[in-house]
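Please read the structure below before turning to the comments.
What follows is calculated from the coordinates using simple rules that are stated; it is not laboratory data. Only a predicted model underlies this, so the values are computations on that prediction, with no experimental measurement involved. In this analysis, Cβ positions are derived from the backbone assuming ideal geometry, glycine residues included, and neighbour counts consider all displayed protein chains.
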Amino acid sequence: PGVFDSLTALTYLSLGGNQLAALPENVFDCLVNMQKLYLGDNQLSALPVGVFDKLTQLVHLELQSNQLKSIPRGAFDNLKSLTHIFLYNNPWDCECRDIMYLRNWVADHTSIVMRWDGKAVNDPDSAKCAGTNTPVRAVTEASTSPSKCP
């Protein structure tokens, strides 16, 4: 069983600032009542496919200040309750075609993309491409390529 599997009533989990480099698959699957999940200020370089799929009650998700280059296609699709997501300060790879899922998701959810500035501030352009500092939501499919993916 997973480390959190018995904590089905848990609504708040802070794993921020723990140098986490990876998340196990299905690690949050039993946390069906989770409302706030803090994963910011770690070393996450990728997210497992489906890692947030069961978190339908989640309202607040912090992924800022990691090493994320892309988000798996569909990763946020079940997060229907989300009101705040923090994506800034990650080295988003905007040359790889995989960025288009995040680009489209941010463009469709501009009002909930936040950055921290003493308080949560709406800033859909806070997720920026590594190297160019271009907002992820400004990326065009023509500027990406499947051949530029690792």
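hydroxyl-bearing (Ser, Thr, Tyr) and in contact with a helix residue (DSSP H, G or I) (Cβ under 9 Å, 6 or more places away or on another chain), is that true of Thr83? Walk me through it before giving the result.
Working: hydroxyl-bearing (Ser, Thr, Tyr): yes; in contact with a helix residue (DSSP H, G or I) (Cβ under 9 Å, 6 or more places away or on another chain): yes.
It is true that Thr83 is hydroxyl-bearing (Ser, Thr, Tyr) and in contact with a helix residue (DSSP H, G or I) (Cβ under 9 Å, 6 or more places away or on another chain).
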Task: Subset of the range 97-115 (residues that are touching a strand residue (DSSP E or B) at 6+ places or on another chain (Cβ under 8 Å) and either free of Cβ contacts under 8 Å to residues at least 24 places away in the same chain or among the aromatic types (Phe, Trp, Tyr) (or both)) - done: Ser111
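Residues that are exposed (fewer than 15 other Cβ atoms within 10 Å of the Cβ), at least 2 per element: which strands (runs of 3 or more DSSP E) completely within the range 1-62 meet that?
Values: elements: 12-14, 36-38, 60-62.
In the range 1-62, the matching strands (runs of 3 or more DSSP E) lie at 12-14.
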Open item on the list: Anything in the range 117-142 that is surrounded by fewer than 15 Cβ atoms within 10 Å (Cβ to Cβ) and either in contact with a Lys or Arg (Cβ under 7 Å, 6 or more places away or on another chain) or part of a helix (DSSP H, G or I) (or both)? List them, or say none.
Closed with: Val121, Glu141, Ala142
Task: Selected residue (only one of Val59, Val27, Val32, Val49 is in contact with a Pro (Cβ under 6 Å, 6 or more places away or on another chain) and among the β-branched types (Val, Ile, Thr)) - done: Val49
Open item on the list: Let me confirm something: among Lys69, Lys80, which residue is under 22 Å from Ala9 (Cβ atoms), of a type outside the set (A, V, I, L, M, F, W, C) and part of a loop (DSSP other than H, G, I, E, B)?
Closed with: Lys80
Task: Filtered residues of the range 67-96 (kept if surrounded by fewer than 23 Cβ atoms within 10 Å (Cβ to Cβ), polar (S, T, N, Q), closer than 17 Å to Asp125 by Cα and out of contact with any strand residue (DSSP E or B) (no Cβ under 8 Å at 6 or more places or on another chain)) - done: Asn89
Task: Residues that are farther than 17 Å from Asn66 by Cα and among the acidic types (Asp, Glu), drawn from the range 1-45 - done: Asp5, Glu25, Asp29
